[in-house]
């Protein structure tokens, strides 16, 4: 089954409003010739409305970096699915390693966010990944299985088909270290096999699995050549239109 590639840029806590709008427009212009793939950018909450407006007539998708599991209420600092939909946002990153390891989000919390996104018809990108200590202990697949099982708790198979996975080894995020193409492919193949056991083969073959972790212009081609890597979730290299264009327009 052919899965449409998804190239996503996570801008994290970077860029002012004007900088975000300028970059969004530059990405749209730079990637205009690469129309056979989905291109997504995830600005900070403060820039979402302006970026949505800036790319309205283009092929660029805009995602949020997190979402609450409640539609409204006394949840200071949270952003609800209803609020995101009101801005024209239809995608969201959930469970990023920085949310897990810096802000203490666990699988149960991430699962609630994911199910709320699905209920609101917002496409969730569920991030999973092991630490360096876990990899060195040989626990990579055990950790990923636990995170995936917890993240997809109570998610029905028809909903699971709408989820995007992102494998992001924690030891490769912002460190300059990247999993080799063989390491990444091995994990992606495992995740697809696990999905087949959890749901069915058709679901496993439908779900897109992205790789994230120091993705750069000089390693994108070999990563995207792997049969089970369907795209990438990019951090620092997505903050400059030139480097992100090379990643978007991989060969």
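Structural remarks
- Residues satisfying the stated conditions in the range 169-191, i.e. without any contact (Cβ under 8 Å) to a residue 40 or more places away in the chain and crowded, with 20+ Cβ neighbours inside 10 Å: 179
- Search result, residues across the range 1-19 that are more than 16 Å from residue 46 (Cα to Cα) and in contact (Cβ under 8 Å) with a residue 60 or more places away in the chain: 1, 3, 4, 5, 6, 7, 8, 9
- Selection over the range 58-101 of residues that are exposed (fewer than 13 other Cβ atoms within 10 Å of the Cβ) and at pLDDT below 95 gives a count of 0.
- If only residues of the range 149-170 that are assigned to a helix (DSSP H, G or I) and out of contact with any helix residue (DSSP H, G or I) (no Cβ under 6 Å at 6 or more places or on another chain) are counted, the one that is nearest to residue 199 (Cα to Cα) is 158.
- Residue 22 being free of Cβ contacts under 8 Å to residues at least 24 places away in the same chain and at negative phi: yes
- Across the range 16-33, the number of residues qualifying as surrounded by 21 or more Cβ atoms within 10 Å (Cβ to Cβ) and part of a loop (DSSP other than H, G, I, E, B) comes to 1.
- Candidate set: the range 1-15, residues that are assigned to a loop (DSSP other than H, G, I, E, B) and touching a helix residue (DSSP H, G or I) at 6+ places or on another chain (Cβ under 8 Å); chosen: the one farthest from residue 210 (Cα to Cα): 15
- If only residues of the range 110-133 that are more than 17 Å from residue 160 (Cα to Cα) and in contact (Cβ under 8 Å) with a residue 12 or more places away in the chain are counted, the one that is farthest from the chain's Cα centre (by Cα) is 132.
- Residue match in the range 106-125 (condition: surrounded by fewer than 17 Cβ atoms within 10 Å (Cβ to Cβ), in contact with a helix residue (DSSP H, G or I) (Cβ under 7 Å, 6 or more places away or on another chain) and within 23 Å of residue 174 (Cα to Cα)): no
- Residues of the range 207-222 satisfying the condition of being under 16 Å from residue 195 (Cβ atoms) and part of a loop (DSSP other than H, G, I, E, B): 207, 208
- The set of residues from the range 192-211 being buried (at least 21 other Cβ atoms within 10 Å of the Cβ) and either modelled with pLDDT under 95 or out of contact with any helix residue (DSSP H, G or I) (no Cβ under 8 Å at 6 or more places or on another chain) (or both) comprises just one member, 210.
The values are calculated or read from the model by the stated rules, or taken from the named source; none is laboratory data. No experiment lies behind these values; they were computed from the predicted model shown. Don't worry about glycine lacking a Cβ; one is built from the backbone with ideal geometry, like all the others, and counts go over all protein chains shown.
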